[in-house]
């Protein structure tokens, strides 16, 4: 399967795609991956031993995931996203790719993303999801209320796609969740220096979690449902 078929920007124009520009630009698009790719993407997804997001390394992934990441990081795909969010020439910015296979309950607190990010995209790869709001992405109107939703929450099922422009009001997060939650995240950054800094930090975090994974899990076990952090 070619990358053009695996991820086609034309699918962003499905009738059920939602685009909002206020209070910050975001887009939610459904059905962005073909059904026939499910099996190979599941097989090729990295098998991390710890929870959280980790910097993309082609050696961790099988061929179909590497192809998908390559397609998500092309300037053409970035510009297609930027056009819909009102971000000119999004493809000019360096990309940072991180992948997540599972989460602890400490993850998903409300935040805006750091100022070093121009925009962030999330592509979900979960074949099923519990009948629960836990772990479902929410775009929010405030930093202190997880129920202040701007639109319906997004269940992180296979092929669901969300992207937003980072602003001082780009609040998002999800209810505490522990377990498998596969997602590829692409962030367009303000500079190559920021990419290098974040990559180094991500690699350190991966090493830390290999050693202290139980502590990482314990720290967030009782977090408040509307917990937040400032980026």
* Rank these for me by crowding, 197, 101, going from fewest to most other beta carbons within 10 Å. => 197, 101
* **Peptides 27-35, 179-187, 5-13 ordered by average Cβ neighbours within 10 Å, highest first** => 179-187, 27-35, 5-13
* Structure fact -> If one builds a Gaussian network model of the chain from Cα atoms under 10 Å apart, the most fluctuating residue listed among 80, 37, 162 is 37
* Can you give me the relative contact order of the chain as a percent, contacts being Cα pairs under 8 Å and 6 or more apart? -> 27
* Structure fact -> Applying the gyration tensor rule to the Cα atoms of the chain (axes a ≥ b ≥ c; rounded if a/c under 1.5, else prolate if a/b exceeds b/c, else oblate), the class is rounded
* So which residue, out of 120, 109, 74, gets the largest mean-square fluctuation from a GNM of the chain using Cα contacts under 10 Å as springs? -> 74
* To do: For n ≥ 4 DSSP H runs only, could you compute -39500 (n - 2.57) per run for the chain, divide by its residues and tell me the 222 nm figure to the nearest 500?
  => -8000 deg cm²/dmol
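None of the figures in this text is laboratory data; all of them are computed from the coordinates on show. Predicted, not measured: the structure shown is a model, and the values here were computed from it. Methodologically, a virtual Cβ is constructed for each residue, glycine included, from the backbone with ideal geometry; neighbour enumeration extends over all protein chains shown.
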